[in-house]
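Chemist: So that we are looking at the same thing, I have put the structure below in structure tokens.
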């Protein structure tokens, strides 16, 4: 339920989500079954696109976009590529992770993703 500071709590206090004034998810705190807390912090650019995600200060994901705002790839904190994204026009059609098979995205006419499959045809 929202509070004045744009915070929300879900799942019996297992998740605490913080949002900024533009309603962007800035922080997630997740309590695990062992009692530890996993914290994820998101950073956004002036266009409102997420440019960085940091999980427990140890795992960093950096998001790289075209000037039009289309996500091209993600990298880790050292600059190594994690995922590459493939488009047909502005519609996302696949994601490729080095050394791993493709993930395929199937969308409607408005380029909204409706379902996702892996190379074996299994739906996610």
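Read-outs: derived from the displayed coordinates by stated rules, not from any lab. In this text the structure is predicted, and so the values were computed from the model without any measurement. Reconstructed Cβ throughout: ideal geometry from the backbone, glycine too, with neighbour counts over all protein chains shown.
Chemist: Could you quote the convex hull projected area for the range 58-118, Cα atoms only and averaged over all directions, in nm²?
Modeler: Seen from a random direction, the Cα hull of the range 58-118 projects 5.0 nm² on average.
Chemist: Any chance you could list the semi-axes, whole Å, largest first, of the equivalent ellipsoid that the Cα gyration tensor gives for the chain, using √(5λ)?
Modeler: 28, 18, 17
Chemist: Taking 0.36 nm per intervening residue step and subtracting the Cα-Cα distance, what contour gain separates residue 86 from residue 27 on full extension?
Modeler: Once the chain is fully extended between residue 86 and residue 27, it gains 18.4 nm.
Chemist: For a Förster distance of 25 Å, can you work out the FRET efficiency between the beta-carbons of residue 114 and residue 36, rounded to the nearest 0.05?
Modeler: Efficiency for this residue pair is about 0.10.
Chemist: Alpha carbon centre of the range 78-122 versus the range 38-53: separation in Å?
Modeler: 21 Å
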